Amino acid sequence: MDIPAITLLLGSFITLMLLKIPIAFALGISSVATAYYVGVPVAMMAQALVRGINSFSLLSIPFFILAGEIMGQGGISKQLIKFADVLVGRVRGGLAMVNVLDSTFFGGISGSAVADISSLGSIMIPMMREKGYDNDYSVAITVATSAQAVLIPPSHNMIIYSLAAGGVSVGKLFLGGIVPGLTLSVALLIYTYIVAVKRGYPAERPVPFREALIITRDAFLGLVTALIIVVGVVTGLYTATESAAIAAVYAFIVTFLVYKVPIKVFKNVLIDSLQTLAIVIALIASSSAFGWMLAYLKVPALATEVLLSLSSNKYVILLIINLLLLFLGMIMDMAPLILIATPILLPVVTNVGIDPIHFGILMMLNLAIGLMTPPVGSALFVGCAVGDISVEELTKALIPFYVVMIAVLLLVTYVPAITMFLPNLMMGN
Amino acid sequence: QNGSETDQNSDKQGEVAQEPIVLKLAENQPEDYPTTIGDKEMARIVEEKTNGRIKIEVYAGGQLGDEKSVIEAIQMGGLDFARVNAQPLSDFAKTLRVLSLPYLFENEDHLWKVLNGPIGEEILDTLEESDMIGLTYYDSGTRNFYNSKREVKTPEDMKGLKIRVQQSELMVGLVEAVGASATPMPYGEVYSAIQTGVIHGAENNWPSYDSSSHYEVAKYFTMDQHTMTPEVVVASKATWDKLSDEDKAIIKEAARASQDVQRKAWKEYEEKSIAKVKANGNIITEVEDFKPWQDAVAPLYEKFGADYKDLIEEIKAAK
Amino acid sequence: MHKLPPILNRRQNNRRVEDLFKKIDEYFNKFVEYFGMVLLVLMTIIVSWVVFTRYFLGKTPAWGEESALLCMVWFGFLSIALGVRDDTHIAIQVIDKFLTPAQERFLVILKRILIFAFSVFMIVEGFNMSKVATKNYMPGLKLNSSFLYIPVTLGGIAMVYYTITSFIKDKTREETI
Ligand code: NA
Ligand code: NA
């Protein structure tokens, strides 16, 4: 174990970050410095930057951000806001509940937390702001609900886990994620209701029926965007990633060809999309270099070794593993962490009688929380970029959500039936 | 640090308590996969034969990057060893493409006779032009078609099926030659894509059909054995040039010896996968007549094998 | 016509240099922005085209995924440079309340120097990687893999440009005040 190198990597990163160096550059510079120190050709860090971006799982992000900008600047979003009023305007905190439910459905389809935030966030956040929700709360709930994308099938990350675990059934994992995902939804719905009552979030007059019909008609073309994504993916017309591009093209057609919004608005749309993407892409690229150094220095293995030497009790081990994954999830991105941590931890947990499916779902939930915690969390970063809010503000607003999610995590950890019930019922033991 | 340690080693050869040379091997398959077992066996032998002077650390699960990044890292000396498939490797060293030509090898005995003979050695030697040292081949089984629609016995039955392939001209050519529609797509998307019907199937070896869970969504498996593209263990030329001739010989021998362990592990893994897939009730079709398949792909030999006619003839003659 | 006093002449020259600088700056910005915008649109068209051909023509181009990703890598590195220009990259501000204005200014300079250094790393090592990758190619596009790494260098160059101009712009702002 190369302790000086690990200290250099983590120490320089944290120092630079505290000195207000943008996080992307703090990650990049500390990785390059450490590579130089341990004698790895630094060109490999340039390679890692490219590998971070040149990844299929990211491909949907630009499309979703683009579609969101088109809908926002072109007016589709405004119609959707009115439509949401028709549906949930009378309910206290109704829009926040829509934010929970949209991820339960769409997040499921997109399969990626970051895609979920960039697609729904770019519509929902402005919508909530307009309706008088606090900005930080609006972004925080959008980020928190993106965990659904990881838990509710299909989920890219479950497929990565299945491969890393040596071929655990993807079908069972998909089924296993459903009840924990719904449990999380219910927990978040309850929480949003409490917040809405406490903060006095709006409950509006019911919309008269005739007006409701007109609003629905006007919002129809916008609502079709959602339909296009869901129907296209479910019927096998295209994959979830491809649906993002189709959604962008559709939003373009509706906005600029049907509604005849002046095409010069499109230039603004593109510039604003690039600016949002700049932030996300810089962080993803440099997290990839940082993650490579962490793997190279065997940090996950070291952390595991230290923590697992503490106890052999099943329940304590589960707790330790949760803490470990939360910690690693805070500094590393999800996919590489699954690849590294699964082979180390799976034998440990199967040894104390935990089903690989149950463990897989635990890992998903854990790492989904890690995705939205500082200092390294792509969901957090995308939330900041899409919601135009600082890391500190967002993190602070997320704290109660962390509490809710950790409560669900503990429930899922210690009540295996929540996970195992459906897969065992549908696919046998 | 491995580079400087290697230097130190040659400088201070007489010293008693030497720091071991630590070399890194990248493996993109999971921890208990046959290739990883092979890597670890190689590491074990090397450590034993050098009395712990050379240690090889195996990084499994693709944690140091995908196969192509790892190959680039090998080329610049950022990693010391890697186990990669001959298919992506052939984007770096074209001669290896020959090994991926469909229906080239009659059976597995033919394959191993070629790989472990002078032809295989000659092909490994071509890697040096790309700053790599080819050490040995590992087993990757045979690749076969599977789909969610119907039983496939002849190329006729492939018509209209959308089959996922790797992004490779040769594989696209193969699928189209046998009459199906080739659909390049990232591996991680395939399960959902078969499930929703975006595509109808894919092609792979038995263990991957199992470990990817594709057998859950595509239940028709046809043992057409179109390719037997092997795995290759490579070393970085930069690392290699720093080693003494004696150490080079030890490593080369260890790699060759680890092949036996890897192939045995592969067979066991394959049998386990076959048993699992059969227990799931999948429909497994043996090909009785390979002739129509071979005839269908004949044009590919013109297109992709033109520069290697002699080599192909040699391989065919080496039965 | 009488000669201008020397002091005015110099001022005019200065203005000419300033105008030239402004023109260059404008073109440079336009180039980076339009390049990024075109690639973003192109990428959307490519993925839609893949869906179209697979569904309606029963044939999928082998280059689809690779070229879409290549577009993303290219506009990715260029947009990172735009983020440097606009100073939009996310940083945390926890120590703000403990900082004097002088320290604050120092940290801005430190940030620019470090970003400059990282840009130099990107220029040099992006170039080195593209040299390594000349021996490799992208099988779908049948294009040399160097094209994946050139944008690292280009992004680095744009970032060097933007860190230097941000110093100059600060300076001129101070002078005008
Ligand atoms: Na949401
Ligand atoms: Na995190």
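Numerical summary
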{"item": "Accessible surface buried upon B-C contact (total; probe 1.4 Å; Å², nearest 100)", "result": "1900 Å²"}
{"item": "Packing rank of A:125-138, A:258-271, where each peptide gets the mean count of other beta carbons within 10 Å, highest leading", "result": "A:125-138, A:258-271"}
{"item": "Occluded residues from the range A:141-184, i.e. those whose accessible area drops by 40 Å² or more once the chain is not alone (1.4 Å probe)", "result": "A:Ile159, A:Leu163, A:Gly166, A:Gly167, A:Val170"}
{"item": "Accessible area per residue in Å² at 1.4 Å probe, computed on the range B:90-162", "result": "36 Å²"}
{"item": "Cα-based convex hull volume of the protein assembly as shown per residue, rounded to whole Å³", "result": "211 Å³"}
{"item": "Given B:Lys316/C:Lys131; B:Lys309/C:Lys135; B:Lys68/B:Lys252, the pairs whose alpha carbons are separated by over 32 Å", "result": "B:Lys316/C:Lys131"}
{"item": "Nearest-20 debye value, chain B charge dipole, Cβ charges on Lys, Arg, Asp, Glu", "result": "940 debye"}
{"item": "Residue-averaged [θ]222 nm for chain A, counting only DSSP H segments that reach four residues, each worth -39500 (n - 2.57)", "result": "-25000 deg cm²/dmol"}
{"item": "Peptide B:205-218, shielding by other chains (average Cβ, 10 Å cutoff)", "result": "3"}
{"item": "Top positive-direction residue, dipole computed over the range A:3-427 with Cβ charges, set A:Ile190, A:His358, A:Leu10", "result": "A:Ile190"}
{"item": "Chains C and A, summed buried accessible surface - 1.4 Å probe, Å², nearest 100", "result": "5000 Å²"}
{"item": "Order of exposure, largest accessible area first, which applies to A:Arg199, C:Arg105, A:Arg51, A:Arg210 with probe 1.4 Å", "result": "A:Arg210, C:Arg105, A:Arg199, A:Arg51"}
{"item": "Value of D in µm² per second that Stokes-Einstein yields for chain C, Kirkwood Rh from Cα pairs, at 10 °C (1.306 mPa s)", "result": "81 µm²/s"}
{"item": "For the range B:78-203, alpha-carbon Rg over 2.2 N^0.38 Å", "result": "1.20"}
{"item": "Angle between chain B longest axis and helix B:34-49 axis [Cα atoms, degrees, rounded to 10]", "result": "20 degrees"}
{"item": "Interface size A-B, as summed buried accessible area [1.4 Å probe, Å², nearest 100]", "result": "2800 Å²"}
{"item": "Where trypsin sites (Lys or Arg not before Pro) fall in DSSP loop in the range C:109-145, at most 13 other Cβ within 10 Å", "result": "C:Lys142"}
{"item": "Exercise: per-residue mean of other protein chain Cβ atoms within 10 Å, B:193-199", "result": "6"}
{"item": "Computed [θ] at 222 nm, deg cm²/dmol, chain B (DSSP H ≥ 4; -39,500 (n - 2.57); rounded to nearest 500)", "result": "-13500 deg cm²/dmol"}
{"item": "For the range A:3-427, accessible area per residue (1.4 Å probe, heavy atoms of protein chains only), Å²", "result": "33 Å²"}
{"item": "Angle between chain A longest axis and helix A:240-252 axis [Cα atoms, degrees, rounded to 10]", "result": "30 degrees"}
{"item": "Per-selection Kirkwood Rh - chain B (Cα, Å, 1 d.p.)", "result": "20.5 Å"}
{"item": "Inter-chain shielding of A:21-32 (mean C-beta neighbours from other protein chains, 10 Å cut-off)", "result": "5"}
{"item": "Within the range B:121-180, trypsin sites (Lys or Arg not before Pro) in DSSP loop having at most 12 other beta-carbon neighbours inside 10 Å", "result": "B:Lys159"}
{"item": "Å² per residue, accessible surface of the range C:105-155 at 1.4 Å", "result": "42 Å²"}
{"item": "For the range C:35-105, Kirkwood radius (reciprocal of mean inverse C-alpha pair distance, Å)", "result": "15.2 Å"}
{"item": "Rounded percent of accessible protein surface that carbon and sulfur make up, the protein assembly as shown, 1.4 Å probe", "result": "61 percent"}
{"item": "Nearest 10 degrees, 0 to 90: helix A:76-88 Cα axis against chain A principal axis", "result": "90 degrees"}
{"item": "Table column - 3J(HN,Hα) (Hz), the range C:47-62, Karplus curve with 6.51, -1.76, 1.60, x for Gly and Pro", "result": "5, 5, 5, 4, 4, 4, 5, 5, 7, 9, 9, x, 9, 10, x, 6"}
{"item": "Descending Cα extents along the principal axes, chain A, whole Å", "result": "69, 49, 44"}
{"item": "For chain A: relative contact order, % (alpha-carbon pairs under 8 angstrom, 6 or more apart)", "result": "26 percent"}
{"item": "About the Cα centre, charge dipole magnitude for the range B:60-120 (Lys/Arg +1, Asp/Glu -1 at Cβ), debye", "result": "140 debye"}
{"item": "Proximal charge balance of B:Tyr308 [Cβ under 11 Å; K/R count +1, D/E count -1]", "result": "-1"}
{"item": "Minimum 50 Å² accessible area buried by the other protein chains, the range C:127-145 residues, probe 1.4 Å, relative to alone", "result": "C:Met129, C:Val132, C:Lys135, C:Asn136, C:Tyr137, C:Pro139"}
{"item": "Per residue Cα convex hull volume in Å³ - calculated over the range A:65-152", "result": "81 Å³"}
{"item": "Residue (of A:Leu394, A:Gln79, A:Gly167) at the positive-pole extreme of chain A, dipole from beta-carbon charges", "result": "A:Gln79"}
{"item": "Check: the protein assembly as shown dipole with +1 on Lys, Arg Cβ and -1 on Asp, Glu Cβ, in debye", "result": "3480 debye"}
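The values are calculated or read from the model by the stated rules, or taken from the named source; none is laboratory data. Bear in mind that the values here come from a model prediction, so they are computed numbers and not experimental data. Because the Cβ atoms are built from the backbone with ideal geometry, glycine has one as well, and the counts that use them run over all protein chains shown. With ligands, DNA and RNA removed, areas are computed over all heavy atoms of the protein, side chains included. Shrake-Rupley method; radii C 1.70, N 1.55, O 1.52, S 1.80 Å.
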